[in-house]
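Single-structure report; data block below.
The values are calculated or read from the model by the stated rules, or taken from the named source; none is laboratory data. Since the structure is predicted, the reported quantities are computational estimates derived from the model, not experimental observations. With ideal geometry, Cβ positions are generated from the backbone for all residues, glycine too; neighbour counts draw on all protein chains shown.
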Amino acid sequence: MKDQYFGDRRDFWKYDLLMELAERAVGHPRLTILPMLTRDDGSAEGKLTSYPVGGRRSELREFLWGGVKDGRRSLPRLHCFFDPIGWDLALHDHEWLPGERSGDYFASLPTRLAADAVVFIDPDIGLVPEKRAPSAGNRPKYVSYDQAGGVFRLLRGTSVLVIYQHLQFNAHKRESDLQAKCRRLSQELSGRRVWGLWAGDLAFVVCACPTADDGVVGQALEEYASRLKMRLLCEAGSLSTP
């Protein structure tokens, strides 16, 4: 995550999905975000700030647009939206730039923040590539499968883990790539069911806490995907159910 992305098209989509899962699957207005903040880089990323509501939350769009218009594009500003409507929002070490401090960014997540919540890991790119390890400079932009697994094992109650995934440029390879990532994460989680939800180059990898109801989570994702014309796949171990 970079502050320069605040309020762009992907930002709107991800917070809308997180709210949907909190309301429909978790049953609590509680979001815990691990932003994996990296420095703004002056690139064109984050400039897609004109977008329709498209079946999502209009009040969320208006808030994000306001931040873009006023030049207040920073993650802590999310509290200005969630706090007044009674949501419990936690931004885990949002000032910690991964790779620039000693310690374990993921292991330091307090267990209380992983109970009955949507827990969102938000790297710039997503899960590490299978065939090519990221360079030292790019490593903070990825989350590894064992790091994701460590966060997953902290979940309690009805919690759901969501991981941001930016898909590759080649549209013909996106589905197989996302499916492979979901399968690999399922293996890391001892065969837990993992969903991949995507549209274009934007995707989310989702898995529910063992004490949560997979059926409720799956139904919420199916209905969300149908309403917003997204695609959904599911992996459980080596068994694929598109």
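Miscellaneous remarks
- Of all residues in region 193-217 being in a helix (DSSP H, G or I) and in contact with a helix residue (DSSP H, G or I) (Cβ under 9 Å, 6 or more places away or on another chain), the one that is nearest to Leu161 (Cα to Cα): Val217
- Looking only at region 167-176, and only at residues there that are surrounded by fewer than 17 Cβ atoms within 10 Å (Cβ to Cβ) and part of a helix (DSSP H, G or I), the one that is nearest to the chain's Cα centre (by Cα): Glu175
- Unmet criterion (only one of (1) under 15 Å from the mean Cα position of the chain (by Cα); (2) surrounded by fewer than 21 Cβ atoms within 10 Å (Cβ to Cβ); (3) of a type in the set (Phe, Trp, Tyr)) for Tyr164: (2)
- Being assigned to a loop (DSSP other than H, G, I, E, B), touching a Leu at 6+ places or on another chain (Cβ under 9 Å) and of a type in the set (A, V, I, L, M, F, W, C) holds for only one residue in Leu48, Leu37, Leu18, Leu78, and it is Leu37.
- Test: residue in region 102-117 that is among the acidic types (Asp, Glu), in a loop (DSSP other than H, G, I, E, B) and either closer than 21 Å to Glu222 by Cα or at pLDDT 95 or above (or both): yes
- Phe169 being over 18 Å from Leu17 (Cβ atoms) and at pLDDT 85 or above: yes
- Odd one out for Val128 among (1) modelled with pLDDT under 95; (2) surrounded by fewer than 16 Cβ atoms within 10 Å (Cβ to Cβ); (3) within 23 Å of Leu202 (Cα to Cα); (4) of a type outside the set (D, E, K, R): (2)
- Complete set of residues in region 229-242 that are surrounded by 14 or more Cβ atoms within 10 Å (Cβ to Cβ), outside any strand (DSSP E or B) and modelled with pLDDT under 95: Gly237
- Arg30 touching a residue at least 60 places away in the same chain (Cβ under 8 Å), out of contact with any Lys or Arg (no Cβ under 9 Å at 6 or more places or on another chain) and under 20 Å from Phe204 (Cβ atoms): yes
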